């Protein structure tokens, strides 16, 4: 677990160099208080997150969600966890909007180190969102600080009906000169090189998936088009671009 935490911390501080000046953690005593509310041991990654960002996530904080320990404790004063439904609220929505999502940690199905994250929409329906909180944070920060800030962006789907897409995409991106700074599971991928960055994901399930939704950002459309074309040449993956931002003339 320590190697995964170190990997993520290095990744975050490379993308947001001053992050350590602004994030604010909570004490071990406060973490233990939250663990009592959970009624079971907290995953090791979540304890690390709370020790670094349990009070404030600084510039990587979500604009529409509160991941602080205070918000978690406040929510569960009225909504205690049960053995049948041990979903810990870790990121409650702070805006009154039908698009707002609340995030929960599935402690019942958690391994020792981390746990799956569920999203709850405004109608109260829950669905698995990321295989782990660590992956969710890494995906979000890469998207917000690299992909979404790039002069040219595109989004779409990468698929292969006969393969586990992530297993094929990873080596293909490496062959195209992209690093994979964060190790991820079969439902999420994070790739970058100096001129561009790509993130992809799909809601997790029991099986490997034949497609992933991607967001890709770079210095210009030529770079993105060349990289996407190289992916199809180097593999049997099919790439469909569904949007360009800003829109292209042709």
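Determine, from the Cβ-Cβ distance of residue 162 and residue 29 and an R0 of 51 Å, the FRET efficiency 1/(1 + (r/R0)^6), rounded to the nearest 0.05. Computed FRET efficiency for residue 162 and residue 29 comes out at 0.45.
The stretch between residue 203 and residue 180 holds 6.3 nm of extra length on full extension. This uses 0.36 nm per residue minus the Cα-Cα distance.
Rounded to the nearest 500, the helix-only mean residue ellipticity at 222 nm of the chain stands at -10500 deg cm²/dmol, with each DSSP H run of n ≥ 4 adding -39,500 (n - 2.57).
Exposure proxy ranking for 234, 47, based on other Cβ atoms within 10 angstrom of each Cβ and starting from the fewest, stands as 234, 47.
Only Cα pairs under 8 Å and 6+ residues apart enter the sum, and on that basis the relative contact order of the chain stands at 16 percent. Rounded to the nearest 10 degrees, the inclination of helix 165-175 to the longest alpha-carbon principal axis of the chain is 60 degrees. If the segment from residue 79 to residue 219 were pulled out straight at 0.36 nm per residue, it would be longer than the present Cα-Cα gap by 45.7 nm.
Angle of helix 2-15 to the longest C-alpha principal axis of the chain, folded into 0 to 90 degrees and rounded to 10: 60°. Counted by neighbouring Cβ atoms within 10 Å, the residues 76, 20 run from fewest to most as 20, 76. Shape annotation for region 146-245: C-alpha extents along the principal axes are 37, 25, 24 Å, from largest to smallest.
For residue 3 and residue 108, the difference between the fully extended length at 0.36 nm per residue and the C-alpha to C-alpha distance is 35.4 nm. At q = 0.11, 0.14, 0.16, 0.26 Å⁻¹, what base-10 log of I(q)/I(0) does the Debye formula yield for region 1-88 when every alpha carbon is treated as an equal point scatterer in vacuo? Debye intensities relative to I(0), on a log10 scale: -0.33, -0.53, -0.69, -1.36. Angle check, please: helix 221-234 long axis (alpha carbons) against the longest principal axis of the chain (alpha carbons), in degrees 0 to 90, nearest 10. The helix 221-234 is inclined about 90 degrees to the chain. In summary, region 105-186 shows an alpha-carbon radius of gyration equal to 1.30 times the 2.2 N^0.38 Å reference for compact globular proteins. Given a Förster distance of 22 angstrom, what is the FRET efficiency for residue 62 paired with residue 238, based on the Cβ-Cβ distance and rounded to 0.05? So, using R0 = 22 Å, E works out to roughly 0.10. Taken over the chain, the convex hull of the Cα atoms encloses 136 Å³ per residue. Compared with the rule-of-thumb size 2.2 N^0.38 Å for a compact globular protein, region 38-121 has a Cα radius of gyration ratio of 1.05.
Throughout, read-outs are computed from the coordinates displayed, never taken from laboratory work. Note that this is a predicted model, so its numbers are computed, not measured. Here Cβ is always computed from backbone atoms with ideal geometry, including for glycine, and neighbour counts include all displayed protein chains.
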